[in-house]
1. Once R0 is set to 56 Å, what does the formula 1/(1 + (r/R0)^6) return for the Cβ-Cβ distance between Gln112 and Phe402, expressed as a FRET efficiency to the nearest 0.05?
2. Once the piece of chain linking Asp363 and Asp131 is laid out straight, how much longer is it, given 0.36 nm per residue of separation minus the C-alpha distance between them?
3. Can you compute the FRET efficiency between Ala239 and Leu174 using 1/(1 + (r/R0)^6), with r the Cβ-Cβ distance and R0 = 25 Å? Round to the nearest 0.05.
4. Mind running the shape call on the range 290-368? Use the C-alpha gyration tensor, a ≥ b ≥ c as the square roots of the eigenvalues: rounded below 1.5 for a/c, prolate if a/b tops b/c, oblate otherwise.
5. Students often check this: by mean Cβ neighbours within 10 Å, which of 203-211, 171-179 ranks highest, and how do the rest follow?
6. How much length would be gained if the chain were fully extended between Ser87 and Gln447, taking 0.36 nm per residue of separation minus their Cα-Cα distance, in nm to one decimal?
7. Which value in nm describes the separation of the simple spin-label points at Arg26 and Ile220, placed 7 Å from the Cα toward the beta carbon?
8. Kirkwood hydrodynamic radius, computed over distinct alpha-carbon pairs, for the chain: how many Å, to one decimal?
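Values quoted throughout were computed directly from the atomic coordinates according to the rules given, and no laboratory measurement underlies them. All figures in this text were calculated on a predicted structure; none of them were measured in a lab. Neighbour counts are summed over all protein chains in view; Cβ atoms, including those assigned to glycine, are modelled from backbone coordinates with ideal geometry.
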Amino acid sequence: MSPRLALYLLGSPKLELDNAPVIADRRKVVALLSYLAVKGGKHTRQSLSGLLWPDYEQSKAFSNLRHTLWEIQQAIGEGWILAERESIQFVEENTWLDVHQFRSLLAQSHAQSNPSLRIPLLTDSVKLYRDHFLAGFSLKDAPNFNEWAFAESEDLRCQLAVALASLSQDYCALGQADKAISYARRLITLDPLNESAHRRLMNVYLQAGQHSAALKQYQICEEILRKELNLDPQPETFALYKQIRKGEAKPAQIEKPQETIAPKHKASLQPSTFIGREKAQEKPEIRNKTEYDAAADLYLPDAWIRWLLLAAEETIGKLGLRVVLRKVGLERLMGNYPPYEQPKPSRKFTFGDYAALNAGLLDFCGQEGESMLRKIGHVMAKHSTMEQGALYGIGTVTFPKFMSLPAQLKMGMEVIVEGVRKASQSIGQDHRLFLEDRGDKLAYIVQDCVFCAGKESNRPMCMLLTGQLQEGFRWLTGEAIHIEEVECRAMGANACVWEINKQPKELE
């Protein structure tokens, strides 16, 4: 009987040969074996040596690769790696890989329309997910390998989220809400800031007859959002809480999970005059405009790109930001942020660069893109508040104590508009933006939007500014102000429009 090799990479990496653990003394052995097994196919010796030994001369990197292949052979025996003169390939025969099995089970579940047949497949798939891909494993001298592993981990994490959401929905559809609870809870642990996951668990508790637990879950959601984002829950979350508290809520259809695979039909890109919050969790499908967009060639003040880079790094980490920058072709910004000591614009950056980075962050964050981008916007506001006073004179606004909240909001927005215009004029440009009073709301209208310049999307994609404005007004007024993008240039509108409520969010 042929030996059987098993690789467990969902979690801390483990190798087994005929059910006996294999001890690999060096991390490069695990890294090379994991990469070849997950990626599959043939890889050139040059690409593999560059992946694992990027700072070595070519001859030394090749030598290290040959030695690592020898170490793999010593650890697991011959026949698992096909090493040719120019290429190297993992032999999949008689091997088992938890990552491939996880994805295979999910693919089989997508083909099942019957919840009773889908549940066993989903249950087996989530059992395989011990922890995130290669949890706790990295190479200190191979950043490209670390970036690959991080991107792989994020993709698998998003697929786990879909599986958990599907399980909770399917069990509820079968009238077994008590079995859905553990999966809905686990979904929240993946991203505590995902409000749709909190609403899902509240509805699962409601269907299981656990009203007190549903109310408690709202309080947990509220506490997390206020601590991490200085935000109150979205109106639909608060409305669900009020209905449950008053005994008016009835078991509702659990929110359908979002798929990570591409849709069969492209969404319409027709202009929208109002973008409903009920679609807030729908992942934007972003692509470059087919027609020329002059806004993409406008120059960007250095400070703006600096604040975004700092906030993104703080939110998704240096490694995550490197993955995004490489994917959108902005590698030149890796570790090369515009300095604070240089307020004069260098004319090195464009609105198109900024929009590309924004789109890359949305894609990287997946299902949680909207909440994560708002979070990054909040962090951006903190950085800009510290620096922008010296640059554009924005961060020094103070309001008289007797001034009403609507008057404070209008004055604050007027200062912001003037500051943005001043920044644009410092590069010899005229940024087209203005305010409009709409009764109980202020409209902030931007005709040349830095967040979506040159892009098309089925969803609004300018959440960074929403987060910036929310945090800025919370800092200035001490109130949680509801701000929503209701029109977006990426969806065909003439301008991006944010509506700002003149009264704070309803709290009870």
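1. Working: r = 64 Å, r/R0 = 1.15.
With R0 = 56 Å, the Cβ-Cβ based efficiency is 0.30.
2. Numbers: separation 232, 0.36 × 232 = 83.52 nm, distance 2.23 nm.
Roughly 81.3 nm would be gained on extension.
3. Values: r = 27 Å, r/R0 = 1.08.
Step by step, r from the Cβ atoms, then E = 0.40.
4. On the way: a/c = 2.03, a/b = 1.11, b/c = 1.83.
It is oblate, given that a/c is not under 1.5 and a/b is not larger than b/c.
5. Details: 203-211: 20.7, 171-179: 17.7.
Highest-to-lowest ranking by the protection proxy: 203-211, 171-179.
6. Details: separation 360, 0.36 × 360 = 129.60 nm, distance 5.20 nm.
Roughly 124.4 nm would be gained on extension.
7. 4.6
8. Values: mean 1/r = 0.0395 Å⁻¹.
Final number for the Kirkwood radius of the chain is 25.3 Å.
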